[in-house]
Structures are given as structure tokens and as C-alpha cells.
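The values are calculated or read from the model by the stated rules, or taken from the named source; none is laboratory data. Not measured: the values here are computed from a predicted model. Cβ placement follows ideal geometry from the backbone for every residue including glycine, while neighbour counts extend to all protein chains displayed.
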Amino acid sequence: MSTHRTGTIEGWARSIALGAAGQLCLLASPTFALMALMTGIPGAGEPDMLCTTSASSPLTGMAAMYTLMSAFHFGPWLRLIAGRRNTAHRP
């Protein structure tokens, strides 16, 4: 049995890269949610020297930005959840 070995390394590398990219996109939303939580809780983390540390509304500033970023990056999670539900109902 003869196998054609041209492109096997490229195909293997491409599948690893695509798999890593698929997993990496799932990390953005939880990371930003954790950052929003850490910046929204007073005294949870060290204050950043470049950002203001005034005690205003928790919905302004960095916490709000991280919350929005988490929401905008939630798409891969929705696709993952929708895909699992679609495959669970297939015979």
C-alpha cells in the first residue's frame, strides 16, 4: 500500500492551528468578564497608575468597558451551545 506524503505536514499544522484558534476564541469572553469583576469590586486588585481610581458609578470606566468586551466576544460560546443542542436532537 502506497501513501502520498506530500502536504501531510502542512495539513497537520493547519488542523492544529485551526483547533487552537477555535479554542482561543473561547477564552476572550471569560477573561474580559473576570477583568470586569476585578475592576468593579473596590479593593479587589491593585489600582492601575494610568487609570483614575475615583469611586464613581461601577458602570463607568474600565469595568463597563470590560463588560462590553465580554458581551461582544460571547459569540463563539453561543455558537458552541447552539451546536451542542443541534447535535443532541439528531438521531
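Some notes on this structure:
- Residue check, GLY40 of a type outside the set (Lys, Arg), under 24 Å from GLY83 (Cβ atoms) and modelled with pLDDT under 80: no
- Test result for GLY61, on the phi > 0 side of the Ramachandran plot, surrounded by 11 or more Cβ atoms within 10 Å (Cβ to Cβ) and either within 22 Å of the chain's Cα centre (by Cα) or modelled with pLDDT under 65 (or both): yes
- Among residues of the stretch 12-27 that are under 17 Å from TRP77 (Cβ atoms), those with a beta-carbon under 8 Å from a residue that is among the aliphatic types (A, V, I, L, M) at least six positions away or on a different chain give the pairs LEU26/LEU80.
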